[in-house]
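In what follows, a structure is listed as structure tokens, so that the remarks can point back to it.
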Amino acid sequence: MKHKLYIGLLGLLLSNSLGYVQERVPLTKSNVLEKVLESNYSIKISEAKYNSIKADFKQTNSIFLPNITASYTGFSTTNPLMAFGSKLNQGILTPADFNPALLNNPEQTQNFATIFEIKQPIINMDGFYQRKAAKSKMEATALQTERTKDYLLLEVEQAYMQLQLAYRGVSVLEQALETAEANEELAKNSFNQGLLQKSDVLAVSVRVTEVKNQLQNAKSQVENASNYLSFLMNDKQDVIYEPTDSLQIMIPQNQGLLQVSQERSDIKAMLLATDAYETMYKADKMTFLPRLNAFGSYELYDDQIFQGGASGYIFGAQLSWNILEGTKRFGKAQKSRSEFEHSKLEYNQYLSKSHLELNKAKRMLSDAENSLTLTALALEQSKESLRIRKNRFVEGLEKTSDLLLADAQYAQKQLEYYQTIYAYNYAQAYVQFLTK
């Protein structure tokens, strides 16, 4: 009885698992692009970084705008100097307060002060250059964000083509499985008629098993490609996507001279970063110059809290010059100069590497174009070979092993052909990405 119960439960579980089918959702490339630009994490991270750098730039407004503070202070004191000064600020001194005994040993004095202070920068040369460097850094970050979007568009092209290729693989292997099962049925009939040996029938059955295994792997590739597209779109749904169009050869665009442009967003960003380092070096040198700042304050004093019986103001200008700060400023200027030289070397290296990548990509495109012609020819030849061998096998003039070999070769050549289309299309997209 227990065995029957276990078998029933096992059957129920199997039926539930087999009944579970992931939802299939049609998907166009334009939909992917739209969702990626809207929701992709890399773009959001890049934009958040830009907002942070933009906030740093806004902080440099301090070299133009005043610094205004307000304070309220209250204290009690018997300090002779503080007590006399407090009464003087409050405007309550009398002749009796000049009594030496009271001056040397004053009674406890209360003082409440409200002070409004303003400091206005006038000439701070190092601050001007720091602001210019911050602006260059902000613009470089904006260009890096733009390049991140360009790269994701390339990723979308590749991921969508991988999905198309996976479905092509499934289609080829489903057709191969149908052919293999038909050959198996034919082999069994021939065996029953005494025209084939048992080993031939088993060889055909092995071929059927191999194709089924390949088909299962191809279906897994569909799921993998769908999951990666979900990741790019930041889509939490566990679905299987179906491309609305199949993998086709892309028509080459007008590629012109196919050269790396220094107007490319990432290269311009590198150049702006170099400019920022150069400007910071200039800013550090400007710290050796004096600074001119204006200042002023308005003050209210009283011996009662929240009162202002007396008031006064101060305004003026200050020219300050930090003549020597040990070797700190010299070392800082030397460091910023080294960083500037380092950024120039990085820029030249990046530009050289971009040319190298483009040359490699152009060769990859040329190789893929040649392979496309050769694989198309090989596909036609293998198709014709399979047709001839199948007709001869039906007539009993061809060995089973030869038919199986031709069948496997035809399926393989189909897969290779679609793989070459994918490689050719991706090479085109990559060249466009590098020359954009």
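Readers should treat all values here as calculations from the given coordinates under stated rules, not as data from a laboratory. All of these numbers come straight from a predicted model, not from anything done at the bench. Because the Cβ atoms are built from the backbone with ideal geometry, glycine has one as well, and the counts that use them run over all protein chains shown.
Let me check I've understood the local charge: for LEU374, count other residues with C-beta under 12 angstrom from its C-beta, Lys and Arg +1, Asp and Glu -1. What total comes out?
The answer is -3.
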(request) State the three equivalent ellipsoid semi-axes of the range 224-336, derived from the C-alpha gyration tensor as the square roots of 5 times its eigenvalues, in descending order and whole Å. (result) 62, 31, 15
(request) Determine one quarter of the surface area of the Cα convex hull of the range 65-207, which equals its mean projected area, and express it in nm² to one decimal. (result) 22.9 nm²
(request) Using only alpha carbon pairs under 8 Å that are at least six residues apart, calculate the relative contact order of the chain and give it in whole percent. (result) 23 percent
(request) Report Rg(Cα)/(2.2 N^0.38 Å) for the range 312-420, keeping two decimals. (result) 2.75
(message) Please list, short to long, the whole-number percent of alpha-carbon pairs of the range 375-436 in consecutive 10 angstrom bins beginning at zero.
(response) 23, 32, 21, 13, 8, 3
(message) Can you compute the helix-only [θ] at 222 nm over the chain? Use -39500 (n - 2.57) per DSSP H run of at least 4 residues, normalise by all residues, nearest 500 deg cm²/dmol.
(response) -24000 deg cm²/dmol
(message) Could you compute Rg(Cα) / (2.2 N^0.38 Å) for the range 72-126, with N its residue count?
(response) 1.64
(message) Using a Förster radius of 56 Å, what is the FRET efficiency between GLN253 and THR69 based on their Cβ-Cβ separation? Nearest 0.05, please.
(response) 0.40
(request) Work through the residues other than PHE191 whose Cβ is under 14 Å from its Cβ and net out their charges, Lys, Arg +1 and Asp, Glu -1. (result) -1
(message) For the chain, take the convex hull of the Cα atoms, compute a quarter of its surface area, and give me that in nm², please.
(response) 43.3 nm²
(request) For the range 193-253, report the translational diffusion coefficient in µm²/s to the nearest whole number, using Stokes-Einstein at 20 °C, 1.002 mPa s, and a Kirkwood Rh over Cα pairs. (result) 139 µm²/s
(request) Would you mind telling me which residue in TYR301, TYR424, TYR151 has the biggest mean-square fluctuation in a Gaussian network model of the chain, where springs connect alpha carbons within a distance under 10 angstrom? (result) TYR301
(request) Taking the dipole about the Cα centre of the range 228-315, with the C-beta of Lys and Arg at +1 and of Asp and Glu at -1, give me whichever of MET233, SER311, LEU292 is farthest to the positive side. (result) LEU292
(request) Taking just the C-alpha trace of the range 305-368, give me its Rg and Dmax in Å. (result) 29.2, 91
(message) Springs between alpha-carbon pairs under 10 angstrom, Gaussian network model over the chain: which of MET364, MET82, MET161 fluctuates most?
(response) MET82
(request) Between GLU174 and TYR350, take the C-beta separation as r, use R0 = 51 Å, and let me know the FRET efficiency to the nearest 0.05. (result) 0.65
(request) Report, in cubic angstrom per residue, the convex hull volume of the C-alpha atoms of the range 276-331. (result) 158 Å³
(request) Starting at the first residue of the range 423-436, write each ³J(HN,Hα) from the Karplus equation 6.51 cos²θ - 1.76 cosθ + 1.60 with θ = phi - 60°, in whole Hz, x for Gly and Pro. (result) 5, 5, 5, 5, 4, 4, 5, 5, 4, 4, 5, 6, 9, 6
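In the calculated pair distance distribution of the range 131-178, what percentage of Cα-Cα distances lie above 15 Å?
Everything past 15 Å amounts to 65 percent.
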